[in-house]
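Scroll down for the structure; my scribbles are underneath it.
Just so it is clear, none of the values below were taken in a lab; they were calculated from the coordinates. Because the structure is a prediction, the values reported are computed rather than measured. Cβ atoms come from the backbone with ideal geometry, glycine included; neighbour counts cover every protein chain shown.
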Amino acid sequence: MEIYNKLVRDNIPDKIRNNGEEPITRVLDEIEFKKALEAKLGEEYQEVLEATGKDRLKELADMLEVMKYIAILENATLDDVIAIAKEKSLKIGAFDQKIFLERVLTKKEK
């Protein structure tokens, strides 16, 4: 028996059954769901860092799916998140110039 204790996509239990195995699952309440989504976001983040090429794009898609449900918990949509990102990009910039801030000299140090 393998123990996972993690949030999975809706069709995963069926895939496990189709493989001749029996998944043991439960439905999370809202508080558990939020915590599980947050943990899943960390898991997906790590997978993005480890992947390359098309696999990286697939992992980014997984991360985006988790972000969608975190937004829903905040009574928003992924479109709302994207709109906020665009607004922030216009207001404080994006990452087009690849600027890396090393340090800031205080007024006294100048």
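Looking across region 1-33, the residues that are surrounded by 12 or more Cβ atoms within 10 Å (Cβ to Cβ) and in contact with a helix residue (DSSP H, G or I) (Cβ under 7 Å, 6 or more places away or on another chain) come down to Leu7, Pro23, Leu28. Do the conditions hold for Ile70, that is, is it assigned to a helix (DSSP H, G or I) and over 25 Å from Glu2 (Cα atoms)? So Ile70 passes the test.
Using the structure shown, decide if Leu60 is closer than 30 Å to Asp29 by Cα and either part of a helix (DSSP H, G or I) or not β-branched (Val, Ile, Thr) (or both).
The answer is yes for Leu60.
The set of residues in region 25-58 being of a type in the set (A, V, I, L, M, F, W, C), out of contact with any Phe, Trp or Tyr (no Cβ under 7 Å at 6 or more places or on another chain) and within 26 Å of Ile72 (Cα to Cα) consists of Val27, Leu28, Ile31, Phe33, Ala36, Ala39, Leu41, Val48, Leu49, Leu57.
Of the residues Ala76, Ala39, the single one that is surrounded by 11 or more Cβ atoms within 10 Å (Cβ to Cβ), assigned to a helix (DSSP H, G or I) and among the small types (Gly, Ala, Ser) is Ala39. Only one of the numbered conditions (1) more than 25 Å from Asp14 (Cβ to Cβ); (2) more than 10 Å from the chain's Cα centre (by Cα); (3) not acidic (Asp, Glu) is not met by Tyr45, and that is (2). Determine whether Lys91 is out of contact with any strand residue (DSSP E or B) (no Cβ under 8 Å at 6 or more places or on another chain) and loosely packed, with under 12 Cβ neighbours inside 10 Å. Here the answer is yes, as Lys91 does meet what is asked. Residue pairs whose Cβ atoms lie under 8 Å apart, separated by 6 or more positions or on different chains, with the first residue in region 68-83 and among the polar types (S, T, N, Q) and the second assigned to a helix (DSSP H, G or I) and surrounded by 15 or more Cβ atoms within 10 Å (Cβ to Cβ), are Thr77/Lys68; Thr77/Ala71.
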